[in-house]
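Take a look at the structure below.
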Amino acid sequence: MKATKIIGLNVVDKAGIKVGKISNVELRVPREGNAGMPLASSDINVLSFECSEGLLKKKFKIKPEQIFSVGEYVLLNVKKNEISSE
């Protein structure tokens, strides 16, 4: 999957609750010769997402080990209260 496809995906926590949308993808420095190649999970350093709490927007960072799968949604293997905020 390309990084541009991840931005804007909904984030769903372990409890099945939609907790926000991906707003940023931080990647590790690409290996030589992989320009234009699909994104591998090992290339992801951190995913950031925003969550609306009332009138405020709060930013959270997800580490690769907190991600269960990425497809139509970013599914987490942790609950929202276990994720660090910025």
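The values are calculated or read from the model by the stated rules, or taken from the named source; none is laboratory data. Everything quoted here is computed from the prediction, not taken from an experiment. Here the Cβ is made from the backbone with ideal geometry for all residues, glycine too, and neighbour counts use every protein chain on show.
Brief remarks on what is shown
- Checking the stated criteria, LEU75 turns out to be modelled with pLDDT of 85 or more, assigned to a strand (DSSP E or B) and surrounded by 16 or more Cβ atoms within 10 Å (Cβ to Cβ).
- If you go through segment 52-72 and pick out every residue that is surrounded by 10 or more Cβ atoms within 10 Å (Cβ to Cβ) and either over 20 Å from VAL12 (Cβ atoms) or at pLDDT 80 or above (or both), you end up with 13.
- Residue that is modelled with the highest pLDDT, among those in segment 1-45 that are touching a helix residue (DSSP H, G or I) at 6+ places or on another chain (Cβ under 9 Å) and assigned to a helix (DSSP H, G or I): ALA3
- Screening GLU86 against (1) at pLDDT below 75; (2) more than 22 Å from LYS14 (Cβ to Cβ) leaves a single unmet condition, (2).
- Residues being without any contact (Cβ under 8 Å) to a residue 60 or more places away in the chain, within 9 Å of the chain's Cα centre (by Cα) and assigned to a strand (DSSP E or B) - total across segment 61-72: 3
- Within segment 5-26, the residues that satisfy the criterion of being touching a residue at least 12 places away in the same chain (Cβ under 8 Å) and of a type in the set (Gly, Ala, Ser) are GLY8, ALA15, GLY20, SER23.
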